[in-house]
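Enquirer: Following this message is one structure expressed as structure tokens.
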Amino acid sequence: MLEINSVSRRFGDRLVLDEVSFTVGPGRMTGFVGANGAGKTTAMRIILGVLAADSGSVVWRGQPISQSVRQRFGYMPEERGLYPKMKVAEHIVYLGRLHGLDAGRAKKNTAALLEELNLAERANDTLESLSLGNQQRAQIAAALVHDPELLILDEPFSGLDPMAVDVVVSTLRDRAATGVPVLFSSHQLDVVERLCDDVVIIADGQIRVAGEREALRQQHSRYQFKITVDADAGWVRDLPQVKVLDVDGPHAVVELLSPDQDQWLLQQALSRGPVRQFDPVIPKLAQIFREVVR
Amino acid sequence: MSAPTLMKPTAPAQPATLSSAGAVKLVAAREVKVRLRDKSFIFSSIFLLLIVAAATILPSLFGGGATTVAALGPQAQQAAVAAGAEVTSVDSVEAAQALVRSGDVEAALVPDTTGASPLGVQIVALEEAPSDLVSAMSVASPVQLLAPTGIDPALAFLVPFAFAMVFFMTTLTFGLSIAQSVVEEKQTRVVELLVASIPIRALLAGKVLGNTVLAMGQIVLLAVVALLGLQVSGASELFTAEVMTKIGTALAWFIPFFLAGFLLLAGLWAVAGALVSRQEDLGSSTMPIQFLVMLPFFGVIYSGGSGIFLTVLSYLPFGAPVAMPVRMFNGDTAVWEPLVALALVIATAIGCILLASRLYQGSLLRTNGRTSIKQAWSTRS
């Protein structure tokens, strides 16, 4: 498990991270969400040791992180880049070796990864000759070549076409399934929602929310219900103690003041005719995000 | 691992570790490999070797061969033979002049009509006086040298010039290559991936090591070609056995001096690269170092190969790598002098590399625009 404990960091007068704490559990896909400039990249750089924290600590498997431990992490920086004139396979092998693999294993892993990412036939082309999408795939191979024990990916999906997103998603899931903790940041909240087990939301350098995705959604649901009846649903406006959020023909969205009113609401609806749908509204990540960041 | 499921790492991941020394080696190996694959680098190196080979071999080819002379009369024939010329006998002044005009001979010796010649012979040439013939037939005054060096004045200029030139070109080439390689990593952003896997110092050390190996390789190759060239052309009037020994000694000292001098600058080149984030800005950030490289070059040439100025230069860390071997070639150094100068260069090199290491770490990850030295000094990673 990766633990970030009260990490703070300043750049000049600006406090970029303010007592940031969260954890990334083994085998958990953890989405790291925040607006531009919220502190995601700084936090990730501190985990990787590329930047130092002013205070606080980063702990991996109960130990502070040393160079030899850090070498076994996999990283995809937000600012992508590889040597443009190096050949794809040669480049990935080189990075594998910098992460401590011997030559044989680095070559074997590289060949396997390029196959997996559909890059095998470009193995001997220079990176600059690849399309942008393929360069992104090479970048992912660079993060994975050494079978990392922890994955830190800064915006891994930006710049990827939908096909590549699927390849990467399944690749990351496979890694997580073997127990590797995966921390990834993204602007695309729908992707985070689809992919992650846990969510960490950061705003202005502070962690606003952190926890299991489903629990968060439950926690942030507000006794809202979506009702669909056969006739016009305008009658909900006449109910006492009900806040009407939306009425559109036979559909209505309402918010109750307390959770135990749901059966009463259903009875009210049934007494006026058949009820086709009666659903609690669980907020989407995007809604929670807007709420906590505000 | 089979292809479709290969993403699953095999059982407990083996702890893979790479020592700093290992990282340095990997980085250095990449630098060397990339450079050796660069066609323009290969061509310019070959070109340089050809120049050195030509410079050492050609003079003896051009200088060789006897002067061809047309001679009229027994006195002239005697004089021509005595001067070591290849003699063609003619039977009239007109015939001699015709041979000179047609270029069949370089000069003609005819009986003197002016009465000014002690040998009674006059030299006829086309455009300019044939100096070797003139001097062979002149009566030289006796000369007493108080401090004989046995070195031809032309060589006394050429050898220092060659040392200065080689040092200048090689340090500039490989120094710039360090700076460019650093900027490339910043500009392409690959640097963040690198420093996330290995210590920044290992990255710097690897770069310096790789380019030092390349530079030394080139210097040794040049030295070997130069010595072979001298061997091929053989001992001649210019390159006497004594001179060759001196060149050999100077070369032998030049190599460690070059190594120390290159290391002295290498770290600074890396800093010049780390301070900027685009290749286009390298010109301005490397300017001070280019000046430091030019200093010994122009200093040694200006000194003319001797004098107090050269002596001072031979103890300044940035001038010593060229100035001290040149002084040794001229033979006016005590045994301890090169050792002291070399120690000074090495000490300065260590200081420079430590300084460079801090500045490099402070500026490497600032990928936006230029970093000032002050900022680089005070930035923590």
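Enquirer: Residue A:161 fails exactly one of the following numbered conditions: (1) surrounded by 22 or more Cβ atoms within 10 Å (Cβ to Cβ); (2) away from chain B (no Cβ under 13 Å). What is the number of that condition?
Expert: Here residue A:161 meets the rest and fails (1).
Enquirer: If you don't mind, another one. Starting from the stretch B:190-204, keep only residues that are within 7 Å of chain A (Cβ to nearest Cβ), then list their pairs with residues that are hydroxyl-bearing (Ser, Thr, Tyr) whose Cβ atoms are within a distance under 6 Å, requiring at least 6 positions of separation or different chains.
Expert: Note: pairs meeting the criteria are B:190/A:83; B:196/A:75; B:199/B:20.
Enquirer: Moving on to the next point. So residue A:170 clears everything in (1) within 14 Å of chain B (Cβ to nearest Cβ); (2) closer than 18 Å to residue A:3 by Cβ except one condition, right? Which one?
Expert: The failed condition is (2).
Enquirer: So which pairs qualify, if the first residue must be in the stretch B:292-306 and at positive phi, the second must be β-branched (Val, Ile, Thr), the Cβ gap must be under 7 Å, and the two must be at least 6 apart or on different chains?
Expert: B:305/B:326
Enquirer: Of all residues in the stretch A:259-285, how many are of a type in the set (Val, Ile, Thr) and closer than 12 Å to residue A:233 by Cβ?
Expert: Residues of the stretch A:259-285 that are of a type in the set (Val, Ile, Thr), as a first pass: A:275, A:281-282.
From the residues that got through so far, the ones that are closer than 12 Å to residue A:233 by Cβ too are A:275.
The qualifying residues number 1.
Enquirer: How many residues are over 8 Å from the mean Cα position of the chain (by Cα) and part of a helix (DSSP H, G or I) when one looks only at the stretch B:163-189? Before the answer, list the steps.
Expert: Step one: of the stretch B:163-189, the residues over 8 Å from the mean Cα position of the chain (by Cα) are B:171-189.
Then drop every residue that is not part of a helix (DSSP H, G or I), which leaves B:171-187.
Residues in the stretch B:163-189 being over 8 Å from the mean Cα position of the chain (by Cα) and part of a helix (DSSP H, G or I): 17 in total.
Enquirer: Additional query: Considering only the stretch B:153-169, I want to know if a residue exists there that is modelled with pLDDT of 80 or more, within 30 Å of residue A:136 (Cα to Cα) and either touching a strand residue (DSSP E or B) at 6+ places or on another chain (Cβ under 8 Å) or crowded, with 18+ Cβ neighbours inside 10 Å (or both).
Expert: no
Enquirer: Does any residue of the stretch A:38-50 turn out to be loosely packed, with under 15 Cβ neighbours inside 10 Å, in contact (Cβ under 8 Å) with a residue 60 or more places away in the chain and closer than 30 Å to residue A:108 by Cα? I'd like the intermediate steps shown before the answer.
Expert: Start the filter on the stretch A:38-50 by keeping residues that are loosely packed, with under 15 Cβ neighbours inside 10 Å, which leaves none.
No.
Enquirer: When residues of the stretch B:76-96 are filtered for being farther than 17 Å from residue B:135 by Cβ, touching a helix residue (DSSP H, G or I) at 6+ places or on another chain (Cβ under 6 Å) and part of a loop (DSSP other than H, G, I, E, B), how many remain?
Expert: 1
Enquirer: Could you list, in sequence order, the residues of the stretch A:162-193 that are within 22 Å of residue A:283 (Cα to Cα), touching a helix residue (DSSP H, G or I) at 6+ places or on another chain (Cβ under 8 Å) and of a type outside the set (A, V, I, L, M, F, W, C)? Reasoning before the result, please.
Expert: Our first condition is that a residue be within 22 Å of residue A:283 (Cα to Cα); within the stretch A:162-193, this holds for A:184-193.
Filter once more, keeping what is touching a helix residue (DSSP H, G or I) at 6+ places or on another chain (Cβ under 8 Å): A:184-186, A:189-193.
Those that are within 22 Å of residue A:283 (Cα to Cα), touching a helix residue (DSSP H, G or I) at 6+ places or on another chain (Cβ under 8 Å) and of a type outside the set (A, V, I, L, M, F, W, C): A:185, A:186, A:190, A:193.
Enquirer: Sort out which residues of the stretch A:105-147 are over 28 Å from the mean Cα position of the chain (by Cα), more than 11 Å from chain B (Cβ to nearest Cβ) and assigned to a helix (DSSP H, G or I), and write them in order of number.
Expert: A:107, A:121, A:122, A:129, listed by residue number.
Residues checked against (1) touching an Asp or Glu at 6+ places or on another chain (Cβ under 6 Å); (2) within 18 Å of residue B:190 (Cα to Cα); (3) not hydroxyl-bearing (Ser, Thr, Tyr):
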residue: A:28; (1), (2), (3): yes, no, yes
residue: A:65; (1), (2), (3): no, no, yes
residue: A:71; (1), (2), (3): no, yes, yes
residue: A:122; (1), (2), (3): no, no, yes
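Enquirer: Still on this structure: When you check residue A:215 against the structure, is it in a helix (DSSP H, G or I) and under 30 Å from residue A:7 (Cα atoms), yes or no? So that I can check it myself, show each step before the final result.
Expert: Values: in a helix (DSSP H, G or I): yes; under 30 Å from residue A:7 (Cα atoms): yes.
Yes.
Enquirer: Looking only at the stretch A:264-285, count how many residues are of a type in the set (A, V, I, L, M), part of a helix (DSSP H, G or I) and surrounded by 14 or more Cβ atoms within 10 Å (Cβ to Cβ).
Expert: Of the residues in the stretch A:264-285, the ones of a type in the set (A, V, I, L, M) are A:265-266, A:269-270, A:275, A:281-282, A:285.
Going one step further and asking which of them are part of a helix (DSSP H, G or I), we end up with A:265-266, A:269-270, A:285.
Narrowing the set further to residues that are surrounded by 14 or more Cβ atoms within 10 Å (Cβ to Cβ) leaves A:265-266, A:269, A:285.
Number satisfying all stated conditions: 4.
Enquirer: May I ask you to list the residues in the stretch B:205-234 that are of a type in the set (Val, Ile, Thr) and either within 22 Å of residue B:172 (Cβ to Cβ) or within 14 Å of chain A (Cβ to nearest Cβ) (or both)? Write out each step before concluding.
Expert: From the stretch B:205-234, those of a type in the set (Val, Ile, Thr) are B:208, B:212-213, B:219-220, B:224-225, B:232; that's our starting set.
Selection gives B:208, B:212, B:213, B:219, B:220, B:224, B:225.
Enquirer: Looking at (1) surrounded by fewer than 22 Cβ atoms within 10 Å (Cβ to Cβ); (2) in contact with a Pro (Cβ under 7 Å, 6 or more places away or on another chain), can you tell me which one residue A:54 breaks?
Expert: Only one criterion in (1) surrounded by fewer than 22 Cβ atoms within 10 Å (Cβ to Cβ); (2) in contact with a Pro (Cβ under 7 Å, 6 or more places away or on another chain) is unmet by residue A:54, namely (2).
Enquirer: Being free of Cβ contacts under 8 Å to residues at least 40 places away in the same chain and touching a Pro at 6+ places or on another chain (Cβ under 9 Å): is that true of residue A:252 here? Don't jump to the end; show me each part of the working.
Expert: Details: free of Cβ contacts under 8 Å to residues at least 40 places away in the same chain: yes; touching a Pro at 6+ places or on another chain (Cβ under 9 Å): no.
The answer is no for residue A:252.
Enquirer: Can you find a residue in the stretch A:198-211 that is acidic (Asp, Glu), under 12 Å from the mean Cα position of the chain (by Cα) and part of a loop (DSSP other than H, G, I, E, B)?
Expert: No: zero hits.
Enquirer: For residues that are among the polar types (S, T, N, Q) and either assigned to a helix (DSSP H, G or I) or in contact with a Phe, Trp or Tyr (Cβ under 8 Å, 6 or more places away or on another chain) (or both), scanning just the stretch B:265-284, find the one that is surrounded by the most Cβ atoms within 10 Å (Cβ to Cβ). Explain how you work it out, then say what you get.
Expert: Of the residues in the stretch B:265-284, the ones among the polar types (S, T, N, Q) are B:277, B:279, B:284.
In the following step, the residues that additionally are either assigned to a helix (DSSP H, G or I) or in contact with a Phe, Trp or Tyr (Cβ under 8 Å, 6 or more places away or on another chain) (or both) were identified as B:279, B:284.
Values: B:279: 14, B:284: 12.
Restricting to residues being among the polar types (S, T, N, Q) and either assigned to a helix (DSSP H, G or I) or in contact with a Phe, Trp or Tyr (Cβ under 8 Å, 6 or more places away or on another chain) (or both), the top hit is B:279.
Enquirer: Separate question: Can you name the number of the only condition in (1) within 11 Å of chain A (Cβ to nearest Cβ); (2) assigned to a helix (DSSP H, G or I); (3) at pLDDT below 80 that residue B:27 fails?
Expert: The single condition residue B:27 does not satisfy is (3).
Enquirer: Kindly indicate which of B:258, B:262 is in contact with a Ser or Thr (Cβ under 9 Å, 6 or more places away or on another chain), surrounded by 15 or more Cβ atoms within 10 Å (Cβ to Cβ) and within 23 Å of residue B:156 (Cα to Cα).
Expert: B:258
Enquirer: Which residue, of A:200, A:209, A:293, is among the hydrophobic types (A, V, I, L, M, F, W, C), at pLDDT 90 or above, closer than 30 Å to residue A:158 by Cα and touching a strand residue (DSSP E or B) at 6+ places or on another chain (Cβ under 8 Å)?
Expert: A:200
Enquirer: Could you check the stretch A:60-74 and list, in sequence order, the residues that are over 13 Å from residue A:47 (Cβ atoms) and small (Gly, Ala, Ser)?
Expert: A:62, A:66, A:68
Enquirer: Can I ask one more? If we keep just the residues of the stretch B:208-220 that are over 11 Å from the mean Cα position of the chain (by Cα) and of a type outside the set (Gly, Ala, Ser), which is farthest from residue B:349 (Cα to Cα)?
Expert: My answer is B:214.
The values are calculated or read from the model by the stated rules, or taken from the named source; none is laboratory data. Please read all numbers here as calculations on a predicted model, not as lab measurements. With ideal geometry, Cβ positions are generated from the backbone for all residues, glycine too; neighbour counts draw on all protein chains shown.
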